[in-house]
Amino acid sequence: MLASFYGPNGYSKASQLRDGLWIKQNWDALNAVGVALLDCSRARTATDIVNERYIRKVDLEMQFRRVITRSYPILNLLSAQGSISTPEATQPFIVET
């Protein structure tokens with residue numbers, strides 16, 4: 001994720017976000033919804049054109065990982081019937097509980 005901050009306080013706001021992401025209280029809130037912070041880059045200054053004027057901006061890159069949990073119901077097998085075939089022979093089987 002890329003966050004860009006504009007204006008004279010852009011660098012301090014980017015630093016506040018970066019520092020805040022590493023606080024355990026915020027980690028707990030992210031983990032509660034299945035998101036983990038992997039890395040957060042250093043704030044980088046750049047320029048951008050807004051209304052035909054160059055304006056200073058600060059970019060902050062963040063990497064997150066989302067945990068996906070899937071649940072598949074597995075039905076119990078109560079009985080089965082079939083055969084096992086090899087080139088030499090065929091053996092039928094029946095399984096019942």
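Readers should treat all values here as calculations from the given coordinates under stated rules, not as data from a laboratory. Since this is a predicted model, take the numbers as computed values, not measurements. All Cβ positions, glycine included, derive from the backbone under ideal geometry; neighbour counts span all protein chains shown.
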Q. Given the Cα-Cα distance of Ser85 and Arg53 and 0.36 nm per residue of separation, how much length would full extension add, in nm?
A. 3.7 nm
Q.
5 Å is the cut-off here: which amide hydrogens, built 1.01 Å from N in the peptide plane, fall below it relative to Lys57, excluding neighbours closer than 5 in sequence?
A. Ala46, Thr47, Asp48
Q) Amide H to amide H under 5 Å from Val35: which residues, 5+ apart in sequence or cross-chain, H placed 1.01 Å off N in plane? A) Val67
Q: Please identify, among Ala32, Ala43, Ala80, the residue showing maximal mean-square fluctuation in a Gaussian network model of the chain using a 10 angstrom Cα cutoff.
A: Ala80
Q | Pair Phe93, Lys24: separation of 7 Å Cα→Cβ label points (nm) | A | 5.3
Q: Springs between alpha-carbon atoms under 10 Å, Gaussian network over the chain: tell me which of Ser41, Ser85, Ser15 tops the mean-square fluctuations.
A: Ser85
(Q) Run through region 60-97 and list the GluC sites (Glu not before Pro) located in a DSSP loop whose Cβ has at most 11 other Cβ atoms within 10 Å. (A) Glu88
Q. Among Leu78, Leu21, Leu60, which one moves the most in a GNM of the chain with springs linking Cα atoms closer than 10 Å?
A. Leu78
**Q.** Dipole magnitude of the chain about its Cα centre (Cβ charges: Lys, Arg +1; Asp, Glu -1), debye to nearest 20
**A.** 660
**Q.** Sparse-neighbourhood loop sites, chymotrypsin sites (Phe, Trp or Tyr not before Pro) in the chain - DSSP loop, at most 13 other Cβ within 10 angstrom
**A.** Trp22
**Q.** Matching label, Kirkwood radius over Cα pairs in Å computed from the structure shown, candidates (1) 18.7; (2) 13.3; (3) 15.7
**A.** (1)
Q: Could you work out the relative contact order of the chain, using alpha carbon pairs under 8 angstrom and six or more residues apart, expressed as a whole percent?
A: 27
Q: Mind pulling the angle between the C-alpha long axis of helix 10-21 and the longest principal axis of the chain? Nearest 10 degrees, somewhere in 0 to 90.
A: 30
